[in-house]
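Below you'll find the structure, written out as structure tokens, and then a few comments.
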Amino acid sequence: MKLHPSILSADFANLEAELQTISAADAIHVDVMDNHFVPNLTFGLQMVQRLQEVSALPLDVHLMIENVDRLAIEYAQLGVASVTFHLEASQNPLELARQIRDTGCQVGVALKPGTDLTQLKNLLSEIDLLLVMTVEPGFGGQPLIPEMIEKISEARKLIAARNYPVKLQVDGGVTASNIYQLALAGAEIFVAGSSVFGKKNRNLEINNLRALAQEGGMAR
């Protein structure tokens, strides 16, 4: 069970200092938004490059952008640990997944809450990570959509049935009150933003969330 705090909830003016407060995390989740694919604007290639230079933890880059078929490769070439793109934004997701993998970067595919798992088609054999959004992407601090827990369970069954080494990640509204249930449903990697950055002792909360997730995973 891994915790990837989302810096969407961090202080953008002091990001390097903010990273030091979440050193117990397994990776840093970086939400790249272009104000077109989602109604919010965060940062782009140059900022991610700088984060890659100063972060002691691997970067888990989540692209919520248009033109992802052209731009995703540039992020992968920065040397980040993983690049996840939205299935809904790509014209040729199979080819894009292969191109990202060719850079040596792990590749993930994200699904909005309304996108059915059947849309994955032949992608599971070409990706390392499946990200199930448990809120509508665009803004932090939203409550988890309860119906998405069943979707996580279905995704876990789909991955297990085909015996693919695909990690299952959840993003949106992850808190201490629901992470056990999310892990029980099959999630392995948890993106938590405001529930981590809203705490005074962030590393303590990361460890608490991870322990709760491990309990849920063991009970699965």
### Query
Just for segment 29-127, what percent of DSSP beta bridges are antiparallel, to the closest 5?
5 percent
### Query
Add -39500 (n - 2.57) for each DSSP H run of 4 or more in the chain, then divide by its residues: what number comes out at 222 nm, to the nearest 500 deg cm²/dmol?
-10500 deg cm²/dmol
### Query
If the label point is 7 Å along Cα→Cβ of Asn207, which residues in segment 23-58 have backbone nitrogen under 17 Å from it?
23-27
### Task
Of the DSSP beta bridges with both residues in segment 2-219, give the percent that are antiparallel, rounding to the nearest 5.
5 percent
### Message
Over the Cα atoms of segment 43-102, what radius of gyration and what Dmax do you get, in Å?
### Response
11.2, 34
### Task
Select from segment 165-211 those trypsin sites (Lys or Arg not before Pro) which occupy a DSSP coil region and have at most 12 other Cβ atoms within 10 Å, ordered by residue number.
Lys200
#### Entry: Cα-centred dipole magnitude for segment 2-219, charges only on beta-carbon of K, R (+1) and D, E (-1), debye, nearest 20
460 debye
### Query
Can you tell which of Ala25, Ala72, Ala13 shows the greatest fluctuation in a Gaussian network model of the chain with Cα springs below 10 Å?
Ala13
### Query
Mind listing the phi-derived Karplus ³J(HN,Hα) values for segment 27-41, rounded to whole Hz, using 6.51, -1.76 and 1.60 with θ = phi - 60°, and x for any glycine or proline?
6, 9, 8, 10, 8, 9, 10, 10, 6, 10, 5, 10, x, 7, 10
### Message
Given the C-alpha atoms of the chain, compute the convex hull and give its volume per residue in Å³.
### Response
106 Å³
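Laboratory data are not the source of any read-out in this text; all were calculated from the coordinates shown. The model shown is predicted, which means the values in this text are computed figures rather than measured ones. When we count neighbours, we look across all protein chains shown, and the Cβ atoms used for this are built from the backbone with ideal geometry, even at glycine.
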